[in-house]
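Please read through the structure below; I'll follow up with questions.
Just so it is clear, none of the values below were taken in a lab; they were calculated from the coordinates. Here the structure is a predicted model, which means the values were calculated and not measured. Here the Cβ is made from the backbone with ideal geometry for all residues, glycine too, and neighbour counts use every protein chain on show.
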Amino acid sequence: MHYSMSIAFLVLLVVCAIAALTVRQLISAVVIFGVFSFFSAIFFATLGALDVAFTEAAVGAAVTTVFFVSALFRTRKHESQ
């Protein structure tokens, strides 16, 4: 069971990475990146590395996603000429 769950989370990580690279909207890429970090934290937890999982959940899924979203909303979509 442990092996099949690890394989499933690795497949989900690859799918999220490909999806984040192929979407056209930046906010969609940021959300998918947050989901990638969440799946990565769960994967580390299934491996027994709870300290790494907690750090990934706190930094990767929460803080980085908030920083990216705030940066997107603070930038302009088009420059005025």
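When the chain is modelled as a GNM with alpha-carbon springs shorter than 10 Å, which of Ala58, Ala71, Ala29 fluctuates the most?
Highest fluctuation among the options: Ala71.
Based on the mean of other Cβ atoms within 10 Å per residue, sort peptides 39-52, 8-21 so the most packed one is first.
Taking the mean over residues of other Cβ atoms within 10 Å, the ranking is 39-52, 8-21.
OK, next. Mind checking the angle between helix 64-74 and the chain's longest principal axis? C-alpha axes, 0 to 90 degrees, to the nearest 10.
10 degrees
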